[in-house]
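Below is one structure; the comments refer to it alone.
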Amino acid sequence: MSDELRKLPGDAVPDLDPVTFGVAFTRAMRRQRTAVHTPSLRTSVAIPRWLTARCLRTGGLTPADYVEAAVRCTPLEDQDLAEAVARGIVFPQAASEKPASPEEPKAVAAPVAPTDAVADILGDLASLDLDLDAIDDLSDLDALLAADQDEGDSELGAFDLFERLYSSADPGERALGELIHRFGGPAELEASAVRTVFLARVWVAKHLLAAVGELNPELCAFGVTAGYGRELRRACTEPWEVAGVLAGEADPALEPLLDDLLQHGASRELGRTLAFLAPHPAVAERRATFADAALGRALDLTDFAELVVGLGSWLDPDPDLLEASIAVSPRRALEAGAWLEQTFGIDLRPDLFDRWLRTRPRPDLGELALLAVATESWETALDGALQREVARLDGSHARLEEAVGLTAALVATGLPHGRHTARRLATEALVRVADAVLFLPLLDAFLERGVVPEVDPVLARARELGVAEEEVLDRLGQALEQLRQMVLTDAHDADRYQRLVQRVRSVPAPMMQELCACACASGNLEAMAALLAVDMGGAAAHLDDDQVASALGHKGIGGGNNLLVQWFTHRRGLRSTVAARIKEQVKATLLDEALDWVGQGDGSGERGLVPQQRSRPFRAGDGLDQLDLDGTLEAIVTSGRSLDQVTEEDLYASETARGRAALVVLIDISGSMSGGELAVCAIAVVMLLGRLLPEEVALAVFESDTHPIKGFQQTTDLDAVADQVLELQATGGTRADAALTWAADELAGVGEAEVRVLFLLSDYAFFEGEEVLKARSTALAEHGARLLAASHGYVSRDTLTTMLETMGGEHLEMDDLRRLPGLLLAALSRLGE
């Protein structure tokens, strides 16, 4: 076909020339029923004119020029469709090529449908010596363009198209159907008006390439089989994704990649590579040898878990590996055991705990709370540790505060015996309080953490200290009875409802149903608001959508921070219709709470996080207080003038210029974060983005996965950020590898910055080993970042010390996560000093 083309000098596009492309593009666009404007022949003429002008200006033509010509010669409403159609013509293999069998070479696809009519039209048009500027009567040529359509590309309904692909005997078409299924199915095709195989391939390519970096093994395998191997090879950067593509294409480049991974890769990379090799039977033997070599490198149970999960089949770990794991990092070993139990149903944690217990015959409550396992040996150890902790209680303020933290950690285990032990410890702490002033605040502290002590001993001690019994009873449960009576009697007293809401910790399910029914019958929005404020999930189950939307926060009952706590605690249990209706109200509350913090403290504003003083020429309108005497005298001396020669032009003023700073914030939301703690993190995130200039801050939250919220190059839309953080959910373990890599990548893209800081809030009990964390910390240090480490409660000191020694910086401890926004403001003020 190339002998028949009328190529312009420097045209590097194979199998096309401007005229051929213009006709093929116009014909293809006429087939698209979703096009707003039907292209005329003038489009076929405009495209080669545009390309001729581009060629004369640049000396050549590239595929991108052809696509750009099609887009620029198409009305705005159809330009997205035009780009997809043009790419399908310029890159026919990407849109329609099926993988060739090993025995057969791939055939080069023609740029247009191979019917005789089309071939004749293109041949005639390409052979004409046309003066494009002189064409007036286009009717005959237009008729040619309206010739018969390619029967093989006729439109089907989206559901029929999907069924045809999904049930096809052709592996490539069937893989395309599988990808459509995973990206939303025929309903998504219909919504996007995709009804041809060509557009389906373009639509799938868009979604598949958008998923690069987060592909799973099946998506990768189906993508290669469907003919997207070349595009995936260009786009993929993660070694496991590249390995999956190479395995699917039987590419010899797979072998050196696997060798390099075995030599330099972390266990996470090796495990994921095993998973991405699994869908390809042709490399099964190589995968087995790769797995053996990788398992031989496992240093602890975390490494072993990464590899076995990637392998997809259970292997018994070596006892020596278990001993080494529990000796180095017992918490990490138990997290790995939990992951293995979730994946394979085999629980190693009881054995791991018993191994650790043999090395720690007298563990303390804090250790046992962190290493919670539902076994008899853990419960026995917990009872012994409680006795030792009670013996240490002496009524001092420090010991009592420590007891509050321990009870919170025990409740967070989620185990019945942990909650029971927390209750016993709270009771013992209260009966040892020597100062009446401390009694009620200490009781409130326990109750805020969900720990209700035993009533009789606490009342007895209250009497001894002269504390009013009604104050204690109000806190321990009488408030619930008062709330019940107010609802049953249809009371309307917003202030009293609000006071009771602050003291009622929970409402039993049968009582909640009874009270909701009563409030609905009387239409008492204040009562409904109070019930929603105590237990949004429980109350919303018995109220309809309109009642929830109307009552939530009515007259301020349960609003503010309490509304955020209820949202993060119960949102997953809410009906989708309820959640959608109240989210805007919750978002407004989040923005209000965050913006209250924005106005506090010192910080960035318009001048930047690290404002700087500089001199500039004195201007009309400047005040004398702005005169920079040092700068003025220096300029006079430098110029060599005498004082009697000085004019206004020699005066200099002082002004504050915007400084350059880069603050990366990573917040760990893993594990058993409560609704209240998630609410605090959400407020802190929005506060930071509202306080700092967009180019000063990059922020992400992480658990098992990393969730970037904003990079340095992104603008700040607080409304969109609030939407995003309202979906935060504490799940899984703590994987810092991807989060720290993201932080380093963000800092790598920052230009000049006087200050570069990584603010990291975590317990530092990361899933990764010391080698990986040290490498990530080194990368951050190479970008000039110092670590501002923040924590509350338990901290893995070894990991924290490693990161501080590598990056430099300091550690800030909080006894209560609610201090986080204030701590961040203080940190900003210190950076600006």
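Structural remarks
- Here the stretch 243-402 exposes an accessible surface that is 51 percent carbon and sulfur, computed with a 1.4 Å probe and the other protein chains kept in place.
- Relative contact order [Cα under 8 Å, 6+ residues apart], the stretch 661-831, whole percent: 25
- Overall shape of the stretch 360-476 was characterised from the C-alpha gyration tensor. The equivalent ellipsoid obtained from it has semi-axes of 26, 14, 11 Å, in decreasing order.
- What the phi angles of the stretch 355-372 give under the Karplus curve with 6.51, -1.76 and 1.60, with θ = phi - 60°, is a coupling list of 5, 5, 4, 5, 8, 9, x, 10, x, 9, 4, x, 5, 5, 5, 6, 10, 5 Hz, glycine and proline written as x.
- The stretch 661-831, accessible surface, carbon-and-sulfur percent (1.4 angstrom probe): 46
- Across the stretch 218-281, the mean sequence separation of Cα contacts (distance under 8 Å, 6 or more residues apart), normalised by length, yields a relative contact order of 39 percent.
- W339 accessible area, 1.4 Å probe, all protein chains in place, Å² to nearest 10: 60
- Above-threshold pairs, the threshold being 24 Å between Cα atoms, out of K7/K206; K206/K587; K555/K583: K7/K206; K206/K587
- Residues of the stretch 485-586: accessible area per residue with a 1.4 Å probe, Å²: 43
- Mean Cβ count within 10 Å, highest first, over the residues of peptides 485-491, 680-686: 680-686, 485-491
- Fraction of accessible area attributable to carbon and sulfur, the stretch 485-586 (%, probe 1.4 Å): 49
- Solvent-accessible area per residue in the stretch 661-831 equals 35 Å², computed with a 1.4 angstrom probe and all protein chains kept.
- Sequence-distant residues sharing a close amide H with L812 (under 5 Å, placed H): A789, A790, S791
- Basic side chains Lys and Arg get +1 at the Cβ, acidic Asp and Glu get -1 at the Cβ, and with that the dipole of the stretch 263-334 about its Cα centre reaches some 340 debye.
- Near the amide H of A653, within less than 5 Å, lie the amide hydrogens of R616, F618, D628, all on another chain or at least 5 residues away, with H placed in the peptide plane.
- Positive-pole candidate from A722, A684, S796, dipole of the stretch 661-831, charges at beta carbon: A684
- The stretch 360-476 - accessible surface per residue (Å², probe 1.4 Å): 45
- Phi-derived couplings, Karplus 6.51 cos²θ - 1.76 cosθ + 1.60 at θ = phi - 60°, listed residue by residue for the stretch 331-337: 5, 5, 5, 5, 5, 5, x Hz, with x used for Gly and Pro.
- Phi angles of the stretch 168-184 translate, via the Karplus equation with coefficients 6.51, -1.76, 1.60 and θ = phi - 60°, into HN-Hα couplings of 5, 7, 7, x, x, 5, 5, 5, 4, x, 4, 5, 4, 4, 6, 9, x Hz per residue; Gly and Pro are given as x.
- The peptide list 812-819, 422-429, put in order of mean Cβ contacts within 10 Å with the highest first, becomes 422-429, 812-819.
The values are calculated or read from the model by the stated rules, or taken from the named source; none is laboratory data. Note that the structure is a prediction, hence the values are computed from the model and not measured. When we count neighbours, we look across all protein chains shown, and the Cβ atoms used for this are built from the backbone with ideal geometry, even at glycine. SASA here: full protein model, heavy atoms, side chains in, ligands and nucleic acids out. Shrake-Rupley method; radii C 1.70, N 1.55, O 1.52, S 1.80 Å.
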